[in-house]
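Working notes, beginning with the structure itself.
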Amino acid sequence: MITGKSKGNKLIAPKGLHTRPTSDNVKESIFNIIGDINDDALVLDLFAGSGNVGIEFLSRGASKCYFIDNDINSIKIIKENLVRTRLLNQAFVYKNTADKAINSLSSRRLVFDYIFLDPPYENNFLIPIIEKISFNDILNDKGLIIVEHKSKLNLPGCIKTFIKKDFRKYGGTTISFYIQGRLTDENSLSRDF
């Protein structure tokens, strides 16, 4: 279920085991933690699945969102969900791998305020993808990377130019938040934004 200006719209999700949409409780918690979204915010939803989180960003005021997924069924569902929520004109939807998409977005000199990552739990994509985001410099200096991952995976406090600012566990799911900077005693895993 979506909140914000598209409140009340129920999204559809791709069928099968390849997509695991972010639960409403986890999604609500993410947005409670990050607070208000600036109306000029640019968002990247990698491994977008149903587009659930990117659509929530748009509904809560973000200007534009890029949705990337490598599955054609997910791409169709994202577009259908954007039509349902009347947010299609604020969205760019691409079928691509995360790796190639980051190269493409970088070559277009796009820099994001929020990047949401929710890759398949069984793959080891996260650290290489975060390293690639750093290398390609596609996160704003004050931007935020939000990572949904299994709680068994303990992501490091520092990945290239990013530090883990916070993390929250919800049973078998953990959300980790990374910002630009260096790991110091002052900013190490503090619980405020």
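The values are calculated or read from the model by the stated rules, or taken from the named source; none is laboratory data. Values in this document were obtained by computation on a predicted structure and should not be read as measured data. Cβ sites come from the backbone with ideal geometry, for glycine too, and all protein chains shown count toward neighbours.
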Residue count for region 56-97, restricted to those that are more than 17 Å from the chain's Cα centre (by Cα), in a helix (DSSP H, G or I) and more than 21 Å from P120 (Cα to Cα) = 5
Leading residue by the ranking (surrounded by the most Cβ atoms within 10 Å (Cβ to Cβ)) among those in region 98-140 that are part of a loop (DSSP other than H, G, I, E, B) and within 15 Å of the chain's Cα centre (by Cα) = D118
Residues located in region 61-72, provided they are out of contact with any helix residue (DSSP H, G or I) (no Cβ under 8 Å at 6 or more places or on another chain) and surrounded by 15 or more Cβ atoms within 10 Å (Cβ to Cβ) | D71
When you go through (1) surrounded by fewer than 20 Cβ atoms within 10 Å (Cβ to Cβ); (2) touching an Asp or Glu at 6+ places or on another chain (Cβ under 7 Å); (3) at pLDDT 90 or above one by one for D36, which number turns out not to apply?
-> (2)
Tell me, which residue of region 77-95 that is among the hydrophobic types (A, V, I, L, M, F, W, C) and surrounded by 15 or more Cβ atoms within 10 Å (Cβ to Cβ) is nearest to C65 (Cα to Cα)?
-> A91
Given the conditions (1) within 21 Å of Q180 (Cα to Cα); (2) among the charged types (D, E, K, R); (3) touching a helix residue (DSSP H, G or I) at 6+ places or on another chain (Cβ under 6 Å), report the number of the one that K95 does not fulfil.
-> (1)
Read through the list (1) part of a strand (DSSP E or B); (2) under 14 Å from the mean Cα position of the chain (by Cα), then give the number of the only condition that K169 fails.
-> (2)
Criterion violated by G143 - all others in (1) free of Cβ contacts under 8 Å to residues at least 60 places away in the same chain; (2) within 17 Å of V26 (Cβ to Cβ) satisfied = (2)
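Matching residues to (1) at pLDDT 95 or above; (2) among the β-branched types (V, I, T); (3) closer than 15 Å to E148 by Cβ:
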| residue | (1), (2), (3) |
| --- | --- |
| T3 | no, yes, no |
| G8 | no, no, no |
| K15 | no, no, no |
| R20 | no, no, yes |
Options S59, S50; residue that is under 13 Å from A13 (Cβ atoms) and at pLDDT below 95 = S50
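Quick check on region 67-76. Is at least one of its residues touching a Leu at 6+ places or on another chain (Cβ under 6 Å) and not charged (D, E, K, R)? Working first, answer last.
In the first step, residues of region 67-76 are kept if they are touching a Leu at 6+ places or on another chain (Cβ under 6 Å); the result is 68.
Checking which are not charged (D, E, K, R) leaves us with 68.
Looking through region 67-76, at least one residue is touching a Leu at 6+ places or on another chain (Cβ under 6 Å) and not charged (D, E, K, R).
Only one residue in L58, L46, L88 is in contact with a helix residue (DSSP H, G or I) (Cβ under 9 Å, 6 or more places away or on another chain) and within 16 Å of I145 (Cβ to Cβ), so which one is that?
After ruling out the rest, the residue left standing is L46.
Give the residues of region 91-140 that are charged (D, E, K, R) and modelled with pLDDT of 95 or more, sorted by residue number.
Within region 91-140, K95, K100, R108, R109, D113, E131, K132, D137 qualify.
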Top-ranked residue in region 149-166 [being assigned to a strand (DSSP E or B) and out of contact with any Lys or Arg (no Cβ under 8 Å at 6 or more places or on another chain); ranked as farthest from P128 (Cα to Cα)] | K165
Subset of region 34-55, residues in a helix (DSSP H, G or I) and in contact with a Phe, Trp or Tyr (Cβ under 7 Å, 6 or more places away or on another chain), comes to I34, V53, G54
